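The values are calculated or read from the model by the stated rules, or taken from the named source; none is laboratory data. This is a predicted model, so every value here is computed, not measured. With ideal geometry, Cβ positions are generated from the backbone for all residues, glycine too; neighbour counts draw on all protein chains shown.
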Amino acid sequence: MTQLKLYSAIFVVLMALSTTQALVERTGFVDFDAPDTYWMAFGIILVLSFVKAVFVATYYMHLRWEPRSVTYLMLGGLFVALALTTAAAYSIL
Amino acid sequence: MSHGEADGHDAGGHDFPPMSSVKRWFITTNHKDIGILYTITALFFLVLGGVLALLMRVQLWGPGESILSAGAYNQAVSAHGLLMVFWFISPFAFGFANYIIPLQIGADDLAFPRLNAMSYWAYLFSGLLFIISFFQGGTFDGGWTMYAPLNVPTYMPNVGGTTVVLALIMFIAAVTMGSVNFLTTMYRMRAEGLRMRDLPMFSMSILLTVWMMLFAFAALLAALLILGAEHLLGVSYFTADGGTLLWTHLFWFFGHPEVYIVFFPALGIMAECFQTFTGHRIVGRKWFVLAMVLVALQSFVVWMHHMFLTGINLEIKTLFMVTTIGISLPFDLMVFSLIYTMIKGRIRFTTPFLFSLGALILFIIGGITGVFLGAVVLDYEFRGTYWVVAHFHYVMVGGATGLFAGIYYWFPKMTGRMYDEYLGKLHFGLYFVGFNLLYFPMFGAWETPRRVFDYALPLGTWHKVATVGGFLLGASFLVMFYNLFKSMAVGEEVGDNPWEYSTTAEWAVSSPPPLENFEGKPSYADGTLSFRDEPQLTADGSGDGGPGGSASTDGGIASGASETSSGHRSDGGLRTESATAGSGSALVTGPEAVTPTPTGTVAVHEEDEHADHASFWPFVVCFAGFLTFLGVSGIQNGGAYPWLAGTGGVLSAVGFVGLAREPFYVPEPTMAEQWPFAGVENMKLGMWMFLGSDVVLFGGFIGSYLFLRVANGWMHWHHAFIPEDHVVLPGLINTYLLLASSFAVVIALVAAHKNSSRGVVASLSLTWLLGVGFLVNKGLEWQHLFHVSTEAFPNGWNVGTNVASSTFYLTTGLHGAHVIVGLIMLMYMIPRAMKGAYLGDDETSIEYFGLYWHFVDIVWLFLFPLFYIL
Amino acid sequence: MVDSGGPVVGDTVLAGTSGIRAPAEVFNSIFVVFLGLGTLVGVVVISYTLYNAYKYRYREDEDPAPELERPELGELPESGGKGKKLFLSFGISALIVLSLVIWTYASLLYVEGAPTEAQQNGVDVLDIEVDGFRFGWQFTYPNGAQTSELRVPANRMVNLSVTSQDVFHNFGIPELRVKSDAIPGQTTNTWFVAEETGTYTANCYEICGEGHSGMDAKVHVMEPEAFQEWYANTEGETNGTHEGNESAGGEDHALSGPDEPAAPGALAPARAGGAP
Ligand code: HEM
Ligand SMILES: [Cu+2]
Ligand SMILES: [Cu+2]
């Protein structure tokens, strides 16, 4: 039963964070002509996505209860993807 | 159901057809059989790629066109590269890996035998697709690097070009299945006492290879799916601003790890052969292994050294120059380690050692010339010339040289007979001389541009010598084929271990090994290999394996024709044999009982413990995939193509259902070294590994989007390419739907835990409905966007409208395809749940499905802001 | 660690009368050193390998190290030595490689920075746009003249802005050691100084379709006076056949930089990247 409560609580948090992301957009911060606020909003929104992803992976996918090496496996994949993305984008800046 | 059962029954371990039966080779899932299939198929592609190479060398005899037209030359160059790199080298290495790895680590088979068979058939059929492409208006002709935008239909309108892209996608499917399988096997099924660091060098090299494969090929898959969509759906990535560079990034991000993927298995074989034939343990083994690990990691951060002239900025060039030089250093160490291993050795110059030594020398030359390329100012001039051609042939074909060491090294294990040593040495002599005659002059002719047949006259002499060398190299293989064929029939029979000073476990079993590899459980618990009695086995007295003690399956009763003897061998050895022979004695105990089966033969019923080795479905599924891809390749041309695609689709469905319903028993080892994945069952680990590669696949897609957006001006993007109607709301709704569906899966798990069948059915159905809702919502949104009509987008915002629409539809489309796959799985699971499946301990299926579904959810959590908000 | 590079390798050889050390010379001098050292290292290492292979060949009656434990079937892997020597040789080779590369890095900075520096010092630079198309090259001079053969004066710095109208090409003149990728939608820069007058050939170094093998262009290096004479006659007119230059510049793209040929400070091959 406690499991269920935990899962439900996380579900509520996930929904709330998603709503927040959309709200940030509504505030008008995501303005393509105002780099300062734009990049701030960009940061906030992506951090929220990361937080949500970590919640899903940790609890719904039970990473928390698996050997740490499974987490490292996924971090490895993530690192590879990020290396490609950032270095490639940086190369033409 | 009954069909599946019958199938599983007579195909199972009981009367598995002998090696001489053609049927066996279509249904086998045994790793050794599949290893042999891989080896033979790879050699076939070697011949094909080799013939193309010789055609080119003839053309290069003098400058200008001779036997090949300009178009044919480009096709030959491209097909040669693709076939050799993809369809020959790695599969050849994986022939050995399949055969040898389970033996070396003490496993009965790979973790997922049917997946292994699927991997092979996907590989074979992808190769057949490639061959067919030659006859579809010409094959792909843009070089093996497939640079954009030459690779898009505007410049490559022939169907064959599309077919090659699809063939590569199918090939990657094979690779990914293989990687997941090997990783799971090596982490979860090692003999007791065999720690990861104790893996034999060949196993170690394959371990690192499959790690690199898992991630690198996912990046290539991203590139090829995009390219496939350019061909079939009309998206425009590679013709957009920055698209050309995007391809080079994606390709080389895969391409550099690929060169180590190609080379590592050879390195492993070289290390094994050096140790065995020098009779001296590898010097600094620990450092050797560490160096390999370092290289494997670093291989993902050097790719831009292939792009020094593309106009990337100086900072990044400097960084990648540093990492490139960095990666050459660990190789130094490995080379010296091998050299020092010879000191104080007792070196026997057998054929495998000669090939290993040759590979080392070639690699030294290749490495030195690679350092030239790593110096950016020099690379500025070498780029696109024969210097590069010479360099990478020295390293890559140098690697292949190591693999030929492998085929001689393990030939006696795989066939039970020795090859002809004289012919082996002759092969090596011709090969080594031919190799150097072929590739060394290319350094002399380095000013020749790559992939041309028209070069400056003074370079002609070099090219003539190279052509002579090429034919010599080709001829050397005739010797090899003759030798191996002949020896298979008349070679001297060998015992378990023909090589003094070999250490690894494959030499402790008979040649060839019995179907289930070991009699008794291999264990290193007391420091050396021993075979423990398996409790069930004690009764028939075969538990006394041990090194050298297991040759009894060989010859034995069937000392006559080798055919029969191999039949018996492959029949599971002593158990069946003795069970049939003397069923009266105390052979059969416990739950086993001798009963006649409907087919009339006597078989032992031991469903709960006897592994299955045969399934026809992998072949069916991959053949269906082949038909589908072939149909899709020319679907825009109509004719027979749509029919092929349709037939393939239906057959795939049949195949997958057959696969899912077939009872196929694979025991998980009861006692095995499983660090660091103890407690994560094979299936679950396999699923995680697969998701790991999927992260990179989506990473490739998201990375492509970000890259193109940077290239087109980050802020500019929105104003220029995206219609007003593209709003946040549909994305937000879909986020809610997916999150809720994830929650529903978790609830299903809780319900299963509580043994509530109704709870399971209800929550899985809810998941399904939410998933369908997601797709419907997406469909509505897309419909709307397709038909917007504004000043900026008078004809709607379609897949091909601009770069932003292309990235949007394709990336979210790939995600949508993942959702659809999940829904299909649910459609299989829900009816079963209604019949009461998945309760209690059976909940694992829901858990594995959940892993997949949550992952798809997570991907959406990033797509939502990136494509709807920012 | 290294400054802009000129002095490190640049002092000894100065190119002809231009006073600019040409990339060809940078390449040639570095190439020679690499060839020398590479051959040396290769010969030493391979000979040492073969020597050991021979020395420790199997002999029935003689075990070079009777006390040594030989590998045995079924053992867990062990190292065959501590690898002290291993690290020594590794260290030496690492040192060679590292110093070579650091040394060449200085030249890289020189090659990348020279056009900017030259311009700042008021050196006369000739800017030419190179456009690849399937299957040929088109050259556009500052006065707008377009040709399908490249004509340049000897001993003058020539700065090429290379791009493509269709697919990925690569423009290179092997004898002059000049090379640059020609990428659609984007410009890359390279430069050279030709010392000897004469006729050379430019090739395409990236496969681009059926005509790739024949995608050449003649390169005439002329006496400066002869060049001036020829150049004066081209004034304004176009004698190339191909309609050039529809590069989609103008907007705030990170790629496809602005079209004016000689934006100061953006002459390194990375000019395409510009500032965002
Ligand atoms: C000492 C270590 C090595 C260094 C420093 C090195 C460096 C390089 C560089 C800089 C290039 C790009 C050349 C160009 O296109 O301008 C290159 C190309 C290449 N290298 Fe290496 N390399 C090394 C080892 C290897 C190994 C071990 C392999 C494969 C087993 C390999 C395979 C290749 C291939 C296939 C290409 C050409 C790809 C193509 O353009 O088709 N290299 N190498
Ligand atoms: Cu590379
Ligand atoms: Cu070209």
**Q.** Unique match (being in contact with an Asp or Glu (Cβ under 8 Å, 6 or more places away or on another chain), more than 11 Å from chain A (Cβ to nearest Cβ) and either surrounded by fewer than 19 Cβ atoms within 10 Å (Cβ to Cβ) or assigned to a helix (DSSP H, G or I) (or both)) among B:VAL776, B:VAL788, B:VAL761, B:VAL772
**A.** B:VAL788
Q) Residues in segment B:322-360 that are modelled with pLDDT under 95, under 27 Å from the mean Cα position of the chain (by Cα) and hydrophobic (A, V, I, L, M, F, W, C): how many? A) 2
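Report yes if B:TYR394 is assigned by TED's automatic domain parsing to the domain that holds B:ASN483, among the hydroxyl-bearing types (Ser, Thr, Tyr) and under 27 Å from the mean Cα position of the chain (by Cα), otherwise no.
Against the criterion (assigned by TED's automatic domain parsing to the domain that holds B:ASN483, among the hydroxyl-bearing types (Ser, Thr, Tyr) and under 27 Å from the mean Cα position of the chain (by Cα)), B:TYR394 qualifies.
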Q) Hey, does segment B:252-270 have a residue that's within 15 Å of ligand 2 (Cβ to nearest atom) and within 7 Å of another protein chain (Cβ to nearest Cβ)? A) yes
Q. When you look at C:PHE171, is it within 23 Å of C:SER213 (Cα to Cα), in the same structural domain as C:GLU225 (by TED's automatic domain parsing), within 14 Å of ligand 3 (Cβ to nearest atom) and buried (at least 20 other Cβ atoms within 10 Å of the Cβ), yes or no?
A. yes
Q. Quick check: is even one residue across segment A:62-73 under 30 Å from B:HIS305 (Cα atoms), in a helix (DSSP H, G or I) and more than 7 Å from chain B (Cβ to nearest Cβ)?
A. yes
Q: Residues being within 11 Å of ligand 1 (Cβ to nearest atom) and either among the hydroxyl-bearing types (Ser, Thr, Tyr) or surrounded by 23 or more Cβ atoms within 10 Å (Cβ to Cβ) (or both): count how many of those fall in segment B:302-316.
A: 6
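Condition check ((1) within 25 Å of A:GLU25 (Cβ to Cβ); (2) touching a His at 6+ places or on another chain (Cβ under 7 Å); (3) modelled with pLDDT under 95; (4) among the hydroxyl-bearing types (Ser, Thr, Tyr)) across all residues:
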| position | (1), (2), (3), (4) |
| --- | --- |
| B:LEU769 | no, no, no, no |
| B:HIS787 | yes, no, yes, no |
| B:ASN795 | no, no, yes, no |
| B:VAL821 | no, no, no, no |
| B:TYR828 | no, no, yes, yes |
| B:PHE855 | no, no, no, no |
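Of the residues A:LEU48, A:LEU14, which single one is in contact with a helix residue (DSSP H, G or I) (Cβ under 9 Å, 6 or more places away or on another chain), facing chain B (nearest Cβ under 7 Å) and part of a helix (DSSP H, G or I)?
Every option except A:LEU14 fails the conditions.
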Q: Look at B:GLY474 and say whether it is modelled with pLDDT of 95 or more, under 32 Å from the mean Cα position of the chain (by Cα) and surrounded by fewer than 21 Cβ atoms within 10 Å (Cβ to Cβ).
A: yes
Q) Out of segment C:113-137, which residues are surrounded by fewer than 18 Cβ atoms within 10 Å (Cβ to Cβ) and either within 14 Å of chain B (Cβ to nearest Cβ) or within 16 Å of ligand 3 (Cβ to nearest atom) (or both)? A) C:GLY113, C:THR116
Q: For B:PHE308, work out the one condition from (1) within 24 Å of B:ALA148 (Cβ to Cβ); (2) facing another protein chain (nearest Cβ under 7 Å); (3) away from ligand 3 (no atom under 16 Å from the Cβ) it doesn't fulfil.
A: (2)
Q | Of the criteria (1) more than 12 Å from chain C (Cβ to nearest Cβ); (2) more than 28 Å from C:GLU206 (Cβ to Cβ); (3) in contact with a helix residue (DSSP H, G or I) (Cβ under 7 Å, 6 or more places away or on another chain), which one B:LYS486 fails | A | (3)
Q. Pairs, please: C-beta under 6 Å, at least 6 apart or cross-chain, first residue assigned by TED's automatic domain parsing to the domain that holds C:ASP166 and under 13 Å from B:SER78 (Cβ atoms) and in segment C:202-216, second away from ligand 1 (no atom under 15 Å from the Cβ) and among the β-branched types (Val, Ile, Thr)?
A. C:CYS208/C:VAL167
(Q) Where the second residue is within 16 Å of ligand 1 (Cβ to nearest atom) and in a strand (DSSP E or B) and the first is within 11 Å of C:PHE171 (Cβ to Cβ) and lies in segment C:132-144, which pairs have Cβ atoms under 6 Å and are six or more apart or on separate chains? (A) C:GLY132/C:HIS169; C:GLY132/C:ALA182
Q: For segment B:365-422, name all the residues that are of a type in the set (Gly, Ala, Ser) and more than 16 Å from ligand 2 (Cβ to nearest atom).
A: B:ALA400, B:GLY402, B:ALA405, B:GLY406, B:GLY416
**Q.** Search result, residues across segment C:132-163 that are over 19 Å from the mean Cα position of the chain (by Cα), among the small types (Gly, Ala, Ser) and either within 16 Å of ligand 2 (Cβ to nearest atom) or closer than 24 Å to B:ASN151 by Cβ (or both)
**A.** C:GLY136
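Going through segment C:178-216 one residue at a time, which ones are assigned to a strand (DSSP E or B) and within 11 Å of ligand 3 (Cβ to nearest atom)?
C:ASP181, C:ALA182, C:ALA202, C:ASN203, C:CYS204
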Q. In segment B:345-389, what count of residues is obtained for those that are within 9 Å of ligand 1 (Cβ to nearest atom) and polar (S, T, N, Q)?
A. 2
**Q.** Complete set of residues in segment B:190-239 that are surrounded by fewer than 24 Cβ atoms within 10 Å (Cβ to Cβ), farther than 30 Å from B:TRP507 by Cα and within 14 Å of chain C (Cβ to nearest Cβ)
**A.** B:SER236, B:THR239
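So which residues in segment B:192-209 are part of a loop (DSSP other than H, G, I, E, B) and over 18 Å from B:LEU685 (Cβ atoms)? I'd like the intermediate steps shown before the answer.
Step one: of segment B:192-209, the residues part of a loop (DSSP other than H, G, I, E, B) are B:193-195, B:199-200.
Answer for segment B:192-209, where residues must be part of a loop (DSSP other than H, G, I, E, B) and over 18 Å from B:LEU685 (Cβ atoms): B:GLY193, B:PRO200.
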Q. Any chance segment B:667-677 includes a residue that's in contact (Cβ under 8 Å) with a residue 12 or more places away in the chain, more than 8 Å from chain A (Cβ to nearest Cβ), surrounded by fewer than 24 Cβ atoms within 10 Å (Cβ to Cβ) and part of a helix (DSSP H, G or I)?
A. no
